[in-house]
Amino acid sequence: MKVEYTPNEGAGPTYEIEADRHGNYTIKLQGKVIKRVTVLSSYQGKPRWGSSKLEADAVEDARRAIESMKADIDAS
């Protein structure tokens, strides 16, 4: 799933979030990878083909990561 996210009601830069059904995600800004998170490839109870819930959770995690990066930059 590819999602574009702009923090602060559209006042900031637009980030591109790419998430998959296993919970992995990548955050890009103007085509450059800002952050990439991969999950464990195998664990007990993990759905073999992934799930839409893991994908949605990955997008939410990415949004929180963008907000925390922005908060760190604003505090500097």
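All of the numbers you see were taken from the coordinates with simple rules; none came from a lab. Note that the structure is predicted; figures quoted are calculated from it, not measured. FYI the Cβ positions are ideal-geometry reconstructions off the backbone, even for glycines, and counts take in every protein chain you see.
Looking at segment 22-76, which chymotrypsin sites (Phe, Trp or Tyr not before Pro) are DSSP coil and have at most 16 other C-beta atoms within 10 Å of their C-beta?
Counting only loop positions with at most 16 other Cβ atoms within 10 Å, the chymotrypsin sites (Phe, Trp or Tyr not before Pro) in segment 22-76 are 43, 49.
Let's test this: bin the Cα-Cα distances of the chain at 10 Å from zero up to the farthest pair and state each bin's percent.
19, 48, 25, 8, 0
Using the alpha-carbon atoms, what tilt in degrees (0 to 90, nearest 10) does helix 52-75 show relative to the longest principal axis of the chain?
30
Could you order the peptides 29-38, 51-60 from most to least packed, using the average number of other C-beta atoms within 10 Å per residue?
For the peptides 29-38, 51-60, the packing ranking is 51-60, 29-38.
Given H placed 1.01 Å from N in the peptide plane, which residues other than close sequence neighbours of residue 39 have an amide H under 5 Å from its amide H?
Amide H neighbours of residue 39: 24.
Excluding same-chain residues fewer than 8 positions from residue 35, which lysines have a Cα within less than 18 Å of its Cα?
Hits, sequence-local ones excluded: 2, 70.
Let me check against my output: what whole-number percent is the relative contact order of the chain, with C-alpha pairs under 8 Å and at least 6 apart?
27
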